[in-house]
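First up is the structure itself, then whatever we jot down about it.
Each reported figure results from applying straightforward, stated rules to the coordinates on display, with no laboratory input. What you see is a predicted model, and the numbers here were worked out from it, not measured in a lab. All Cβ positions, glycine included, derive from the backbone under ideal geometry; neighbour counts span all protein chains shown.
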Amino acid sequence: MARHAPREPVLVAYALQGERLVHVSQVVGGLACRCTCASCGQPMTANKKSGTRRHHFAHAQASACDGGVETVLRRVAKALLAELPSMRLPEYRYRRTFTVYGHGSVSIDQVVAPATRIALDEVYLEQPLGTVVSDAILEPAARRLLVEITVAGAVSRATLRTVRRLGLALLQVRLQPADAARPPEALKVKLDTDDAAKEWLFDPRQREAERTWLQRRRELVRVAQRVRQARDVVMNQALERARREPLPEWMKASAAAVTLGTEHRSSVRPREATGDDANPEVTDVRSLPSRR
Ligand SMILES: [Zn+2]
C-alpha cells in the first residue's frame with residue numbers, strides 16, 4: 001500500500017469522463033466507464049461491486065495519487081452551488097479576546113449578521129476580483145457575497161485583503177476529504193444547511209465592531225502601561241532608599257571586585273539615572289571610594 005495509509009484511505013466517488021466530472025453512480029462499473037483521475041489523468045476503474053462498502057473510483061494501476069480529492073470537491077461544490085435555489089447562512093458573531101499578561105484581558109462578542117436563508121438568483125463561478133479569483137459570487141438582494149470552498153487549505157490573505165477593499169462579504173465553506181465519497185445530493189444538503197462547515201471571514205457590517213474592538217485593546221494596553229510605569233516609580237524610589245543605606249565593609253570589598261569589569265559602563269552615567277536605564281548595582285559601585 002502507499003505510504004499514506006495509516007488511516008482509512010480517502011474514497012473518491014468522482015472522476016472525469018472526458019471533460020465532464022461524473023459521480024460513480026452515473027457510470028458503468030470497471031474500466032468500461034472510461035474515466036480518468038481529476039488530478040493525475042490516469043485511467044480509473046469504477047468500483048461498484050456489491051459488498052463494496054461505498055462505490056468509488058480507484059486508479060487502474062497502483063498510484064500514490066489521492067484521486068484529486070481537493071480538485072474534485074471544489075469543482076463539484078461549485079457546480080452544486082450554482083444549482084441550489086437558496087442557501088442557509090449561519091449567524092456571524094464578531095468574537096475576539098486579547099490578554100495582557102498580568103493586567104487582565106478584554107473581549108468582544110457582537111452579532112454582525114443573524115442567521116438567514118438567501119435566495120440564490122445569481123451565482124457567478126470563478127470570477128476574477130482584482131488579483132484573485134473567487135470560487136463563487138452570490139448576489140442576494142443587491143448584496144455581493146463571495147464563497148470560497150476549502151478542503152485542506154485556507155483562504156489566502158490576498159483574497160481577504162481584496163474582499164475588504166471592495167467591501168464584499170466572504171463566506172468560507174470547509175469540506176472534508178471524506179466528502180469526496182458522498183453523492184451529489186448529500187453534498188448539496190451539506191452546502192445548503194451545514195452551519196458548522198461555514199465560517200464568515202468578513203462582512204462590511206463588522207467594521208463598527210472592529211472599531212470598538214480596537215478601542216478596547218488600546219485602552220487595555222494604555223492601562224497596563226500606566227500600571228507598569230507606576231510600578232517602576234515605586235521600585236526606583238525603593239532602590240534609591242536602599243542605595244542611601246551604608247554598605248557593610250565586606251560588601252564594599254566584593255562590590256569593588258565587580259566594578260573592575262564594569263568600569264566603562266558605570267563611568268558613563270551619573271548617579272541620578274532613573275527609569276529603565278537605572279542600573280543600581282553599577283551606580284552603587286561607582287560611588288565606592290576603593291575604586292582605583
Ligand atoms: Zn490520480
Point to revise | Potential lengthening between Ser107 and Gln127 on full extension [0.36 nm per residue; Cα-Cα distance subtracted] | key: 3.6 nm
**Study point:** Nonlocal amide H pairs with Ile149, under 5 Å, H built at 1.01 Å
**Key:** Asp135, Val173
Study note, to complete from the structure: Residues whose built amide H sits under 5 Å from the amide H of Arg93, excluding neighbours closer than 5 in sequence, are Val112
Exercise for review: Please list, in chain and number order, the residues 5+ apart from Gly68 or on another chain whose amide H is under 5 Å from its amide H, with Hs placed from the backbone.
Suggested key: Ser39
Practice item. Output the peptides 242-252, 145-155, 211-221 sorted from most to least packed, where packing is the average of other Cβ atoms within 10 Å over each peptide's residues. Key: 145-155, 211-221, 242-252
Check your understanding: With the Cα gyration tensor of segment 14-67 giving a ≥ b ≥ c as the square roots of its eigenvalues, does the rule (a/c under 1.5 for rounded; else a/b larger than b/c for prolate; else oblate) give rounded, prolate or oblate?
Key -> oblate
Study note, to complete from the structure: Computed ³J(HN,Hα) along segment 178-194: with the Karplus parameters 6.51/-1.76/1.60, θ = phi - 60°, integer Hz and x for glycine or proline, the list is 4, 5, 5, 8, 7, x, x, 4, 5, 5, 4, 4, 4, 4, 6, 10, 7
Study note, to complete from the structure: Largest-first semi-axes in Å of the equivalent ellipsoid built from the Cα gyration tensor of segment 85-210 are 27, 18, 16
Revision key, fill the gap. Here segment 126-136 yields Karplus 3J(HN,Hα) values (6.51, -1.76, 1.60; θ = phi - 60°; whole Hz; Gly and Pro given as x) of 6, 8, x, 9, x, 9, 10, 10, 7, 5, 7
Review point. Under the classification rounded if a/c is under 1.5, otherwise prolate if a/b is larger than b/c and oblate if not, where does segment 19-124 fall, given a ≥ b ≥ c as square roots of the Cα gyration tensor eigenvalues?
Key: prolate
Check your understanding: Using 7 Å Cα-to-Cβ label points, what is the Arg243/Leu166 separation (nm, one decimal)?
Key -> 6.2 nm
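Pop the C-beta distance of Arg143 and Ser25 into the FRET formula with R0 = 45 Å and round what comes out to the nearest 0.05. Spell out each step's value before the answer.
Working: r = 36 Å, r/R0 = 0.81.
Efficiency, rounded to the nearest 0.05: 0.80.
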Point to revise | Cα→Cβ-extended label distance, 7 Å offset, between Glu210 and Val189, nm | key: 3.8 nm
